[in-house]
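Written out below as structure tokens is the structure these notes cover.
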Amino acid sequence: MIEEYKIPPFLRQIVVIAVIFIAIIGLKYSAPILSLILLSMFIAVIIYPFLMWLRRRGLSYNLSVSVTLVGIALLGVAIVGFLVVTLAQLIKALPSLTINSSGFLAQYGNQIIQFLVAHIPETNSGGLIAAGTFIVFAVIFLVYELPQIKIRLENGLGVDNPTLNKTYGLMGAFVEYFVIRAKVNFFYGIGVSSVLLLFDINFALLWGLLTFFLGFIPYIGIVIAAIPAVLVAWAKYGIQGAILMALFFIIINTIAESIIFPKLTGKGLQMSVYVVFVSLFVWGWILGPIGFFIGVPMTLVVIKYLENFKETKWLALLMGSNEKNE
């Protein structure tokens, strides 16, 4: 009688690691379109609860979908239009932005400004419009399809299917996290724009919008958002203005992250700080700039997937944390 051959455990782990590397390479080569698709999927999942809220308010399904889709289209067009116009004005204004000081720090500030001027392509507005248009329409179609996708999954797999329920739970956690994150970032954006307008800093609304979006990047997003505002304040009010602007960002970041965010959610990311930080750069390398925004949820998806298999559960445990939900 022929004995069943079993793959040695060490060989299974080697195969798992090899498959992961192959998958990363595949993601890297498909990044130009895959990043836009993934971003549109995450946006659609976040918007979907608004559609359900409209239905609970008594609106019909068709009317709820129509209101949601029109809102998405108008908001998307407004944001893309604002960015195209404002970035065009910024590109024209940047070459004349100079820190007039003989101090050695001013030289570094001017070098940073020159670096930004050299690395903002003037012809990129077409690419921004194309990417924005794709995301807007992809989100519209996906939001329209989501209720039907849910019905098809429940009919095919059953309402009590464990995998389906786990997926719903994961999506619910994503939506909760992003909604809370959006509320905190809205506080960021309004606060930044208000203070910059008060001190007559150029492009205050743009820096506020930039702060809102970059706030989705843990740890480093607000630091990046502070750089242009600090440079403009430096050029306009000198080194004292730059220091005050930097202190303002530190204060508003402390209030938002240490007071507002903990009060709005009692749930951690269930990921180690090291994994969160590294995942930003890994997904940024794989998917480009969009990877920094969706790096955390993508890593959470990977962790939840790895937890389902005995051969990869150890990886999920390494990437997780000891945080307990309150």
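The values are calculated or read from the model by the stated rules, or taken from the named source; none is laboratory data. Since the model is a prediction, treat every value here as computed from it, not as a measurement. Methodologically, a virtual Cβ is constructed for each residue, glycine included, from the backbone with ideal geometry; neighbour enumeration extends over all protein chains shown.
Quick one: is Ile20 more than 18 Å from the chain's Cα centre (by Cα) and either of a type in the set (Val, Ile, Thr) or modelled with pLDDT of 80 or more (or both)? Against the criterion (more than 18 Å from the chain's Cα centre (by Cα) and either of a type in the set (Val, Ile, Thr) or modelled with pLDDT of 80 or more (or both)), Ile20 qualifies. Residue selection: Val175 satisfies the criterion of being under 15 Å from the mean Cα position of the chain (by Cα) and either part of a helix (DSSP H, G or I) or without any contact (Cβ under 8 Å) to a residue 40 or more places away in the chain (or both). Of the residues making up segment 73-95, just one is over 17 Å from Leu209 (Cα atoms) and under 21 Å from the mean Cα position of the chain (by Cα), namely Ala73. Within segment 209-265, how many residues are among the aliphatic types (A, V, I, L, M), surrounded by fewer than 17 Cβ atoms within 10 Å (Cβ to Cβ) and not in a helix (DSSP H, G or I)? Summing the residues that are among the aliphatic types (A, V, I, L, M), surrounded by fewer than 17 Cβ atoms within 10 Å (Cβ to Cβ) and not in a helix (DSSP H, G or I) in segment 209-265 gives 1.
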